[in-house]
Amino acid sequence: MSHNPRPTTGVGHSFALPVVPHAEPGSHLASCPEAGPRGVEQPTVSDAGLASHMELSPALTAAQIDPTGTYALRDLSGRVIGVNSSGAGTWDWAFVGQYKSYPQDVMPLSFSADPTSGKANLTAQNGSLSWPLHANGPSTNWEWTFWASSGYGAGYPVLPLTATPGQTLPNGGQAYKLSYVNGSTTMHLTADSGSWNWLYVSASNSSTQFTFHKFFVIKSKVQQLFEATWPGADFIYSAFNTPDTYYQALSNAQAGSVYQESGLRAYHWRAEVFDCDDFSYVYKAQASRHAYAANAEYGYAVGVIFARTSTGGHAVNVFIDPQGKVKILEPQNGSIVDGKDWKDGAGEAYQPFFVLM
């Protein structure tokens, strides 16, 4: 699609966000002309497969929310905040829609600080993508919101949001209103009704209430995720037979945090004493310790995986992210790659044969 650029300031910047007349949100937002309608509310076959392997946790209570955690935010109509087009461009619109309809667009969200005690930026994460939520202009009436990298351009403020308690659900889950102070005007993060709609900030419309949810991997579906990542690999499936119902998915950032806490960066490979499998065991143990300290409902979706190429075998760590993607973490240096891209130093793809979750 093509966009008309809004004038910006700053050397070297040429951005392409829309200029759209500020009609009333209720009559204008549902068919945002610059972004186009969201198409058929069904994921592609591959995305539908990923969605069937994941579930969102029940709404978290206030005591269960860790400000440094990674979550999905869902409104009281069941719509989850997403990134339009899965963040395929240099920026994209924020919207709310049903999780099973748009699993590829529902990325883990994190706050830069505790939003219940002050202002905090809300950021969407997906691999190397880290996009805070912006307002599409400085208006104190209302503005659309979009995701982009920090410092995207003058006139497009990153939204410092504050969370205040709203409705408490029957299961004890806590809903929150997210507000943005624009000068002396308080604006609320909200979306109009419908099975999906665009997310915006408004000074006049009431705030949409959001609950916090963790991403769970269905344990019985893990085998299918591994088979899809490495077609033809001959796994020892008894390794998946743990009593857990779910695993908690980890984002790249969370997996990296576990690595930093493990202390492995200070260790060096030593034949027969501390080689690749030992690195992997230490990382797996640290993931369990991290889950324990965080009072996680389920263990993290982290394991030790063994594989071979024509030149020999290797052991590393494997984890599953909130979008159902299998990732490899090399515990000897902390690097992360998609499982399907895991190769040895000569560029030969590894073929896994054993995994312990």
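The values are calculated or read from the model by the stated rules, or taken from the named source; none is laboratory data. Here the structure is a predicted model, which means the values were calculated and not measured. When we count neighbours, we look across all protein chains shown, and the Cβ atoms used for this are built from the backbone with ideal geometry, even at glycine. Side chains are part of the model used for accessible areas, which takes the heavy atoms of the whole protein and leaves out ligands, DNA and RNA. Shrake-Rupley method; radii C 1.70, N 1.55, O 1.52, S 1.80 Å.
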Task: Cross-link reach list, aspartates and glutamates versus K284, counting only Cα pairs under 13 Å and skipping chain neighbours closer than eight places - done: E261, E330
Task: Inter-centroid distance (Cα atoms) of region 239-305 relative to region 181-225, Å - done: 30
Open item on the list: Shape verdict for region 211-357, please, from the Cα gyration tensor: rounded (a/c under 1.5), prolate (a/b greater than b/c) or oblate.
Closed with: oblate
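In what sequence, highest mean first, do 95-101, 343-349, 168-174, 209-215 appear when ranked by Cβ atoms within 10 angstrom? Mind showing how you got there, number by number?
On the way: 95-101: 21.3, 343-349: 10.7, 168-174: 14.0, 209-215: 24.1.
Sorting 95-101, 343-349, 168-174, 209-215 by mean packing, highest first, produces 209-215, 95-101, 168-174, 343-349.
Grab the Cα-Cα distance for Q167 and S112, subtract it from 0.36 nm times how many residues apart they are, and report the gain in nm with one decimal.
On the way: separation 55, 0.36 × 55 = 19.80 nm, distance 2.37 nm.
My answer for the length gained is 17.4 nm.
Past 28 Å, Cα to Cα: identify those pairs from K214/K343; K100/K340; K119/K221; K119/K327; K177/K221; K219/K340, in the order given. Spell out each step's value before the answer.
Numbers: K214/K343 31 Å; K100/K340 24 Å; K119/K221 39 Å; K119/K327 32 Å; K177/K221 35 Å; K219/K340 20 Å.
Violating the 28 Å limit, Cα to Cα: K214/K343; K119/K221; K119/K327; K177/K221.
Which value results for Rg/Rh of region 136-261 when Rg is the Cα radius of gyration and Rh the Kirkwood radius based on the inverse mean 1/r? Kindly include the intermediate steps, with their values, before the conclusion.
Numbers: Rg = 20.8 Å, Rh = 18.6 Å.
With Rh from the inverse mean 1/r over Cα pairs, Rg/Rh is 1.12.
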Open item on the list: I want to check the label-to-label distance for Y267 and A346. Put each point 7 Å from Cα in the C-beta direction and report it in nm to one decimal.
Closed with: 2.8
TODO: With a 1.4 Å probe and all protein chains in place, put I218, I336 in order of accessible area, largest first.
DONE: I336, I218
Task: Simple label model, 7 Å out from Cα along Cβ direction - S130 to T185, nm - done: 3.2
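Sorted by mean Cβ packing within 10 Å, highest first, what order do the peptides 52-61, 323-332, 273-282 take? Walk me through the numbers on the way to the answer.
Numbers: 52-61: 18.9, 323-332: 22.0, 273-282: 16.4.
Highest mean packing first, the order is 323-332, 52-61, 273-282.
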Task: From phi via Karplus (6.51, -1.76, 1.60), per-residue ³J(HN,Hα) for region 131-145 in Hz, x at Gly/Pro - done: 10, x, 7, 10, 9, 7, x, x, 4, 9, 8, 7, 8, 5, 10
